[in-house]
Structure formats: C-alpha cells, structure tokens
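Submitted below is the structure of interest, expressed as structure tokens.
A short reminder: the numbers here are calculations on the coordinates, not readings from a lab. Quick caveat: nothing in here was measured; it's all calculated off a predicted structure. Backbone-built Cβ (ideal geometry, glycine too); neighbour counts: all protein chains shown.
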C-alpha cells in the first residue's frame with residue numbers, strides 16, 4: 001500500500017495479485033497536513049477503535065522538487081437556522097394563562113390575543129423565555145406571536161398563530177392519571193385522565209400524580225414547559241409506576257420524581273428540570289442521556305439536576321455504546337448529578353464525550369455518586385479491557401472544566417476516572433478509585449493545546465488496589481495537587497512518597513471484602529466504599 005501526496009491532494013494505491021489499484025481520496029486536500037503547524041508535517045498510522053494493527057517495512061520518500069500546494073478552501077461555519085419555539089400549551093383548565101416562547105437568537109417578541117395587542121417588542125435574550133401573562137375568559141382564544149431577530153447577522157422574523165381552548169378538570173394543580181385513564185375524565189384518583197391530556201392541562205406549579213401501572217412512550221414537547229418559580233411536576237403516586245417505552249423530555253421547568261423507566265431510554269433536551277428518585281434500566285442504549293439538537297448553543301440542555309437516580313444494565317446491539325448516564329454532544333452549562341449510581345452498563349458509567357464539530361460543551365458536575373462494574377451487564381461480560389470507564393470526562397481535545405466531587409469508582413472494566421483527552425481545567429476532588437481494570441486515574445497532559453488546563457485541580461483523592469492488580473501506574477497531570485494517594489509500582493503512595501495510611505487501607509479492604517463476585521456483592525462493596533469516602537470527606541470539611 002502506498003499513500004502519495006501531490007500538489008492538489010492524496011492518492012492511495014494497493015498492489016494485489018491482479019495488479020495495482022489507485023484511488024484519489026475525496027475531500028483530502030494537500031495542505032491538511034500543514035494546518036495546525038505550517039512548518040511541520042506528520043505522517044503516521046492509526047487503527048479504528050478496538051482494532052489492533054501491525055505495521056512493517058514502512059518508508060517515507062520525499063521529492064526534491066518543491067511542492068506547489070493547492071490550498072483547501074477555508075471552512076466557514078454555517079450559523080444555526082433561526083428557530084422560534086412556543087413554550088406554552090394549546091389547552092388550559094384555568095382563566096389565567098401565560099404565553100411563553102423562546103428563540104435561539106436574541107430578538108423582540110410581540111403578542112396579539114383576539115386581535116388585541118398584549119405585548120409589543122419585548123426584548124428576550126437568546127434561549128430565555130418570553131412570558132406574557134393574560135386571561136382566557138371564553139371557550140378559546142386566538143394568539144399570534146411574532147419575533148424579529150436583533151443579533152448582528154441574524155435579523156430574521158417568525159410568526160406563529162395558535163388557538164388555546166378551555167377544558168375542565170377537578171383541580172388543575174393536582175391531576176391524577178393512569179394507563180387506563182380517559183381524555184375526558186376529571187383528573188381525580190377515581191376518574192383519572194390520560195397522561196397526554198394531563199401534560200397539556202396541569203397548571204404552572206401543579207402536579208400530575210401517576211397512579212400505578214405500566215405507561216407507554218411519552219414525549220414532553222417544549223410547549224408544555226413550566227416556568228421559573230413554577231415548575232410542573234410528574235410524580236409517582238405509588239410504588240409501581242413504570243414507563244416501558246422511550247421517555248423524551250424537550251420541555252423546561254419540570255420535576256420528575258419516583259418513577260421507573262424499564263427497557264427504554266430517558267432522553268433530555270430541555271433545561272431547568274429536576275429528575276429525582278428514579279431508576280432507569282435495561283435500555284437498548286444509554287439509560288439516562290442529556291443531549292441537544294443542532295439549533296444553536298442558546299437552546300442546549302442546561303441547568304438540569306439529577307438526584308438519587310440509578311441507571312443500570314443498559315446495552316446496545318453493538319455492545320460498545322450504552323452508558324449509565326451521559327451528558328454529551330451539545331450540552332449547556334449547569335447540568336448536575338448528585339448522589340446517583342451507575343453500574344453494570346456495557347460501556348461507561350458516566351460519559352461526557354464532546355464532539356469537536358460541536359465546540360466546547362458546558363461544565364457538568366458529578367458529586368456524591370458511585371460508578372461500579374461498568375463495561376459489562378448483569379448477564380454479559382465484555383472481552384478485554386477496552387471499554388467500561390467509571391467516569392469519562394470529555395473527548396476530542398476540547399477544554400471543558402468538568403467537576404468531580406466526592407465520588408467512588410470501583411471495579412470498572414477500563415479506567416476509574418479518565419480525561420479522555422479533555423484539555424480543560426478539570427476539578428477532581430475527594431474521589432476514591434479502587435480496583436479498576438487499567439488505570440484508577442488517567443488525567444494526562446493534553447497532546448493538543450494545554451493552555452486551558454492552567455487551573456486543573458486534583459486534590460484529596462485516593463487510588464487503591466485490593467483484589468485487582470494492574471501493570472499501569474496512575475497518571476495525573478494537574479497544576480494544583482495536594483493530599484493524594486496514587487498507585488505507583490503496585491503501591492498507593494502519597495504526594496511525598498509515603499504509603500497509604502494503614503487505617504484507611506484496612507477500611508478499604510473491609511469494604512471490598514463484601515464483593516463475592518455476585519452483582520449484590522459488588523453493590524455492597526461499592527456502597528461500603530461510598531460510606532467510607534463520605535466519612536472521609538466529612539472529616540476533612542469539619543477540620
């Protein structure tokens with residue numbers, strides 16, 4: 001095989017028993033090897049993910065004649081198309097009604113209700129909600145919401161017309177639903193509505209009570225959003241509320257609590273939501289994922305809180321992609337996971353992968369959480385140690401200052417905590433990483449631009465091995481380090497080279513002793529390590 005560069009591009013030729021095959025490489029301009037460092041060119045070999053290759057008899061020939069390279073056309077990013085979304089429903093069970101809308105560019109909104117102007121040129125920043133309070137006295141009311149962009153280069157307009165109709169339920173602030181509910185019911189416990197109807201009718205600040213049963217797929221569009229200070233709630237009213245098909249959350253300002261999502265995915269595109277006391281499991285892909293569409297950074301999913309949620313036993317058909325939790329590929333700032341557990345997922349516990357074409361994701365915070373036994377499911381093992389990280393903190397060299405605080409990573413099939421080539425100022429504190437297959441900590445100096453890592457912090461972390469050895473020493477590159485114990489040549493050593501405190505080592509061994517190889521034993525060990533790390537963290541902060 002021969003790769004040739006000429007003035008305009010590249011060719012590859014392969015010699016076979018039947019002769020030589022020559023192909024131009026489409027889209028590979030000759031100067032792509034000079035874009036990052038104009039004075040140097042790099043040639044090498046690479047294999048796809050999870051593929052091993054052997055290269056022999058490699059040579060490099062350079063023509064003596066100076067190249068007359070044809071430059072590639074410069075890439076110019078295409079601005080996101082103008083998107084204006086209604087954030088209020090087309091049904092109401094109250095006289096009071098709030099017109100809500102948002103756009104991915106800053107602009108001004110005007111609102112007409114029943115041919116009367118009720119708002120004129122109200123300035124709204126990109127991604128923020130327009131909120132215009134009004135009343136609906138009759139059976140229906142007609143609205144026209146107009147938008148004009150005010151940002152430089154984006155002065156487009158949009159106009160949306162819709163009708164809001166009045167409906168009657170017993171109490172718009174407390175609506176009961178069931179899988180057998182009726183769309184014409186009163187929404188009481190004895191006369192429950194359908195969930196689809198309740199999503200339209202629940203009042204801002206109100207609660208939808210889910211009665212026991214199995215619910216089908218549900219999608220919360222942006223139009224059923226709550227509002228700041230008046231979150232709408234979707235709460236399990238019993239112990240057996242299960243969604244058995246995909247749950248999609250595109251709306252803002254909701255509070256989900258107490259339900260289970262089984263054999264299905266939970267996808268979040270909205271912002272300012274709370275997800276609490278939930279279980280997600282046996283999904284055909286990642287169990288709980290926060291991601292966004294391509295309509296611009298202003299509409300990326302932001303400021304979601306995930307509290308006391310467990311995600312486990314998720315596996316995709318390729319057996320390489322399904323994570324427990326993911327906040328990746330167009331994620332805004334302020335998404336936070338608190339006291340969550342991820343285990344027995346075929347890929348990572350947490351995946352914060354960032355695609356270079358999207359630009360930098362927002363900062364994600366993970367605290368008081370546990371990631372254990374990932375890289376396998378409850379029933380399936382993965383061969384080798386090529387996937388299954390506890391906490392994967394980025395991707396493709398983009399700098400994002402994600403935060404890990406007071407977490408545990410145990411018995412994962414690859415690395416306990418990995419930067420995954422995130423070149424940003426990561427903040428990793430009070431993390432206990434034990435018996436992960438390869439590295440307990442892998443926080444490298446970026447092979448890309450390292451300037452964004454100037455405030456990278458790595459403090460009060462412990463790496464230990466009890467039942468699982470590794471030939472790899474921990475790797476940590478950070479500018480602010482203190483009070484850490486890392487694995488080196490089979491020992492957990494402090495920053496000054498001292499061995500791990502004997503009392504702490506004994507407590508870690510006692511916690512891991514719960515692991516008898518069963519799923520329950522692994523869980524007991526992980527929770528014991530969490531209790532130990534919580535106590536250590538509390539002791540530190542009480543000093």
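Hey, what does the equivalent ellipsoid look like for segment 84-166, semi-axes from the Cα gyration tensor as sqrt of 5 times each eigenvalue, largest first, whole Å?
24, 11, 10
Which length gain, in nm to one decimal place, applies between residue 534 and residue 55 when the Cα-Cα distance is subtracted from 0.36 nm times their residue separation? Present the calculation step by step, with values, prior to reporting the outcome.
Values: separation 479, 0.36 × 479 = 172.44 nm, distance 4.88 nm.
Extra length available between residue 534 and residue 55 comes to 167.6 nm.
Return a whole-number percent for the relative contact order of the chain, with Cα pairs under 8 Å and 6 or more residues apart as the contact set.
6
Between residue 150 and residue 67, how many nm apart are label points set 7 Å from Cα along the C-beta direction?
5.0
Between helix 502-512 and the chain, what is the angle of the helix's C-alpha long axis to the longest principal axis, kept within 0 to 90° and rounded to the nearest 10?
That works out to roughly 60 degrees.
While we're on this one: I need to check one value: relative contact order of segment 84-166, counting alpha carbon pairs closer than 8 Å and at least 6 residues apart, in percent.
Working: 190 pairs, mean separation 27.8, N = 83.
Reported relative contact order: 34 percent.
Please give the peptides 241-247, 59-65 ranked by average Cβ packing (other Cβ atoms within 10 Å per residue), highest first, as a rough proxy for protection.
Per-residue Cβ counts within 10 Å, averaged per peptide and sorted highest first, yield 241-247, 59-65.
Round to the nearest 10 and give me the degree value, 0 to 90, for the angle of helix 519-542's Cα axis relative to the longest principal axis of the chain.
Here the helix axis deviates by roughly 90 degrees.
What distance in nm separates the two pseudo spin-label positions at residue 516 and residue 216, each 7 Å out from Cα along the beta-carbon direction?
4.4
Quote the relative contact order of segment 295-360 in percent (integer), defining contacts as alpha-carbon pairs under 8 Å separated by 6+ residues.
39
For residue 469 and residue 355, compute 0.36 nm times the residue count separating them, minus their Cα-Cα distance, and round to one decimal in nm.
Gain in length upon complete extension: 37.7 nm.
Now for a separate question. For the chain, what does -39500 (n - 2.57) per DSSP helix run (n ≥ 4), summed and divided by total residues, give at 222 nm, in deg cm²/dmol to the nearest 500? Mind dumping the intermediate values first?
Numbers: 3 runs with 42 residues, N = 543.
Computed mean residue ellipticity for the chain: -2500 deg cm²/dmol.
Counting pairwise Cα distances across the chain, what percent come out greater than 44 angstrom?
Tail of P(r) above 44 Å: 30 percent of Cα pairs.
Additional query: Could you sort 441-453, 328-340 so that the peptide with the highest average Cβ count within 10 Å comes first and the rest follow in order?
So the peptides 441-453, 328-340, ranked by packing, come out 328-340, 441-453.
Same structure again: So how do 480, 255, 54, 430 line up by other beta-carbon neighbours within 10 Å, fewest first? Each step should come with its number before you reach the end.
Numbers: 480 12, 255 16, 54 6, 430 23.
With the sparsest Cβ surroundings first, the list reads 54, 480, 255, 430.
Follow-up. Work out the FRET efficiency for residue 235 and residue 379 from their Cβ-Cβ distance, taking R0 = 35 Å, and round it to the nearest 0.05. Walk me through the numbers on the way to the answer.
Details: r = 32 Å, r/R0 = 0.92.
The formula returns an efficiency of 0.65 here.
Restricting to the chain, what percent of DSSP beta bridges are antiparallel, rounded to 5?
35
Okay, moving on. Among DSSP bridges having both ends in segment 328-542, what percentage is antiparallel? Round to the nearest 5. Write down the numbers at each step before the final one.
On the way: 5 of 42 bridges.
So the antiparallel bridges amount to about 10 percent of the total.
Would you give the gap between the C-alpha center of segment 311-354 and the C-alpha center of segment 62-117, rounded to a whole Å?
The two parts, judged by their Cα centres, are 28 Å apart.
Considering only DSSP beta bridges whose two residues both sit in segment 365-481, what percent are antiparallel, to the nearest 5?
Close to 0 percent.
So, one more: Measure off 7 Å from each Cα along the Cα-to-Cβ vector at residue 91 and residue 282, then give the distance between these two points in nanometres to one decimal.
Each label point is offset 7 Å from its Cα along the Cβ direction, giving 3.1 nm.
If you stretched the chain out fully between residue 162 and residue 228, how much longer would it get, using 0.36 nm times the residue separation minus the C-alpha to C-alpha distance? Please list the in-between numbers first.
Details: separation 66, 0.36 × 66 = 23.76 nm, distance 2.31 nm.
Length gained, residue 162 through residue 228: 21.4 nm.
Assuming a ≥ b ≥ c are the square roots of the Cα gyration tensor eigenvalues, decide whether segment 1-76 counts as rounded (a/c under 1.5), prolate (otherwise, with a/b larger than b/c) or oblate.
prolate
Order of 10-20, 457-467 by packing, highest average Cβ count within 10 Å first?
457-467, 10-20
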